[in-house]
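Chemist: Quick one: the structure is below, questions incoming.
The values are calculated or read from the model by the stated rules, or taken from the named source; none is laboratory data. In this text, all values refer to a predicted model and were calculated from it rather than measured experimentally. Here the Cβ is made from the backbone with ideal geometry for all residues, glycine too, and neighbour counts use every protein chain on show.
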Amino acid sequence: MTALIDRRTLLRGSAALGGTAAVASWFPAWAQPVSAGIVRPLPTVSGQDIRLRIAHQMMTIDGRPSHAIGINGTVPAPLIRLREGQNVRLHVENALDEDSSIHWHGLILPFHMDGVPGISFPGIKPRSTFIYEFPVRQAGTYWYHSHSGLQEQLGHYGPIVIDPAGEDPIRSNREHVVVLSDHSQMHPHTIFKKLKQQGGYFNYQKQTLAGLLRGEGQSAKERFEWGRMRMDPTDVSDVTGSTYSYLVNGHGPRDNWTGLFTPGERVRLRVINASAMTTFNVRIPGLKLTIVQADGMNVRPVTVDEFQIAVAETYDVIVEPTDDRAYTLVGESVDRSGMARATFAPRQGMAAAVPPLRGRPLATMKDMGMGDMGGAPAGDGSMQGMDHSAMGAGPASAASAAAADPNCPPEHAAMGHCTPAAAPAAEGTVDHAAMGHDMSGAGGMNHSMRDFSNAPGVKKTPTVQTISPMPMDRTGEPGQGLADVGHKVLVYRDLMAVERNPDVRAPDRAMQIHLTGNMERYMWAFDGEKLNEVKEPIPFLKDERVRVTLVNDTMMGHPIHLHGHFFELVTGHGEYAPRKHTVQVQPGGTVTFDVTTDAVGDWAFHCHMLYHMHAGMMQVVTVRPRGRDAA
């Protein structure tokens, strides 16, 4: 019953009751009265020798006890504080009755210290200790987490801060580490089982007849058109606020985790998305957010009102509160089924207004890989007015379109890499009948969403439900539901590196990887093959320069992470392209990056949505030595 309550009705009812004391105990956490605020810094470990113990524990979220897996008795795990240039030895004891592991997300280290069982090491056996040892070669904000089973969902994650060897170019008077995550009372294997049984099991925000009568969501015609394709425009998140509590530093919205400041200070927020499945939209009403670092790499400051942070990304943000008052940090889930909430204030016990959840977004034809909406309003699921002029465009038209882009460097324009990166072949215009998707009611459109000629490298397996007919580069767009919020939202093309990239060579070769899935059977893969179906790893040579284009053939965003490397996003900034270790590929979109494969060894390459990875959306990248080095 609780999850079926309309949230707008809930908020109106709460206001009518006249204050927090009247709010019923069964209301969701974000609508509950809050505590005076928890001002509790994350426990910190540092030095040359660090000891970590992985074990079962209980944690309390918004007053409710819950089972967890933590490290050193805390969730999140302790903040590991290191310094660039030092060596570190981490003694990790596994007190569980099952294998465990720690992956040092974003750190550049020898592959056998990367911490992925079955790829880079055998894992940490129950009741045993493994010693990780490596030099610290970088500075910035990172994190660590289990790469064993679904332990990460239970709380096995923590932050890493590495201070630069010299003076930090990012000046601040104070800093707070903000770890965003999601937690459920439901066991993660139960969550996964329910997703396998019904992909939309946790979606309580589907369109209804009552909504249609109120004029909300899609029109009747649009709903009919989407229904004929057996696709749901409200399918934005697999796991939602119906089972998740959204946390800040391990605390729920009612706990009101509070970070202190003095008015006039420059405060640095190190924001880490350590969730299993949740993309967050982050804002602090009343404060501008200046992005100064992305994935641990310094970027030229860009000021925004809001940013979307995908699973496993990190952003460092400067805020400058001048008033003697409290501010609310809002981490709204991308489907707007719930929020993480914290307070920044001059004194403990203060709280600011918590904005209500905004209306949930609806997927559009662009999210289905049908290209630009041709002027349709943001959030509109309409199939009308689409610009199909680029449908079937070949490489020449892609290159000419790229050349017309003022943000596209000439060498990239010649290769057609600043526009839709996977323009389909002209023969990709076949009938939807092959998939049961007759779309003749949609302006006569008959472009197949399962035409493998648009993706010749993709295997014809049950994992491939759709092939995007016209995927497009969406790095210049905010995430789903943020196009019409009325303020500045960060986009990837805003990011520019502070320093010239260490390798600015042109790519030696290019490759394309499709992100594929089948929501009805909850199967996920790269190029139609799940990890257990892949016969060979993706091969690279040491110091090869490769241009990789990721094509999202699904209606869900995927945060793609390459272990052991940073890559440069191809977003028109040339030698100052932003360097990242994780990138969100929006639904129906493409992302192109250049990577120098300079780390010999076997590396994991996967979607960082935990249940997507668990279902098969993962492969192994092997970097082999060249010539005499291979001997």
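Chemist: Evaluate the following for F605: is it within 20 Å of D473 (Cα to Cα), buried (at least 19 other Cβ atoms within 10 Å of the Cβ) and among the aromatic types (F, W, Y)?
Modeler: Judged against the criteria, F605 is not a match.
Chemist: Inspect all residues belonging to the range 56-70 and state whether any of them is over 17 Å from G155 (Cβ atoms) and of a type outside the set (D, E).
Modeler: yes
Chemist: Among the candidates V551, V546, which residue alone is surrounded by fewer than 24 Cβ atoms within 10 Å (Cβ to Cβ), at negative phi and part of a strand (DSSP E or B)?
Modeler: Among V551, V546, only V546 is surrounded by fewer than 24 Cβ atoms within 10 Å (Cβ to Cβ), at negative phi and part of a strand (DSSP E or B).
Chemist: Of V623, V583, which residue is within 23 Å of the chain's Cα centre (by Cα), aliphatic (A, V, I, L, M) and assigned to a strand (DSSP E or B)?
Modeler: V583
Chemist: Taking the range 69-108 on its own, how many of its residues are hydrophobic (A, V, I, L, M, F, W, C), assigned to a loop (DSSP other than H, G, I, E, B) and surrounded by 21 or more Cβ atoms within 10 Å (Cβ to Cβ)?
Modeler: The total comes to 4.
Chemist: Related question: Filter the range 516-542 down to the residues that are surrounded by fewer than 17 Cβ atoms within 10 Å (Cβ to Cβ) and in a loop (DSSP other than H, G, I, E, B) and list them by number.
Modeler: E520, R521, K535, E536, P537
Chemist: Could you please find all residues in the range 277-298 being out of contact with any strand residue (DSSP E or B) (no Cβ under 6 Å at 6 or more places or on another chain) and either modelled with pLDDT under 95 or under 26 Å from P502 (Cα atoms) (or both)?
Modeler: N298
Chemist: Can you tell me which of V595, V585 is under 25 Å from E533 (Cα atoms) and aliphatic (A, V, I, L, M)?
Modeler: The match here is V585.
Chemist: Please list, ordered by first then second residue, the pairs with beta carbon atoms under 6 Å, 6 or more apart or interchain, first in the range 295-311 and within 14 Å of V271 (Cα to Cα), second at pLDDT below 95 and surrounded by 19 or more Cβ atoms within 10 Å (Cβ to Cβ).
Modeler: Q308/G479
Chemist: Considering the range 586-606 alone, what residues qualify as being within 21 Å of P537 (Cβ to Cβ) and in a loop (DSSP other than H, G, I, E, B)?
Modeler: If the condition is that a residue be within 21 Å of P537 (Cβ to Cβ) and in a loop (DSSP other than H, G, I, E, B), then D598, A599, V600 are the ones that fit.
Chemist: With buried (at least 24 other Cβ atoms within 10 Å of the Cβ) and not hydroxyl-bearing (S, T, Y) as the only criterion, which of Q465, Q480, Q512 stands out?
Modeler: Testing whether each residue is buried (at least 24 other Cβ atoms within 10 Å of the Cβ) and not hydroxyl-bearing (S, T, Y) leaves just Q480.
Chemist: Name the residues in the range 54-68 that are within 21 Å of W257 (Cα to Cα) and either part of a strand (DSSP E or B) or under 27 Å from the mean Cα position of the chain (by Cα) (or both), would you?
Modeler: If the condition is that a residue be within 21 Å of W257 (Cα to Cα) and either part of a strand (DSSP E or B) or under 27 Å from the mean Cα position of the chain (by Cα) (or both), then Q57, M58, M59, T60, I61, D62, R64, P65, S66, H67, A68 are the ones that fit.
Chemist: Kindly provide the set of residues from the range 595-631 that are aliphatic (A, V, I, L, M), over 16 Å from V583 (Cβ atoms) and modelled with pLDDT of 95 or more, ordered by number.
Modeler: Hits for the range 595-631 are A599, V600, L610, A615, V620, V623.
Chemist: Would you check if R500 is at pLDDT 50 or above and surrounded by 16 or more Cβ atoms within 10 Å (Cβ to Cβ)?
Modeler: For R500, the condition - at pLDDT 50 or above and surrounded by 16 or more Cβ atoms within 10 Å (Cβ to Cβ) - is not met.
Chemist: Those residues that are in a loop (DSSP other than H, G, I, E, B), surrounded by 22 or more Cβ atoms within 10 Å (Cβ to Cβ) and of a type in the set (D, E, K, R), I need them from the range 144-183; list them, please.
Modeler: none
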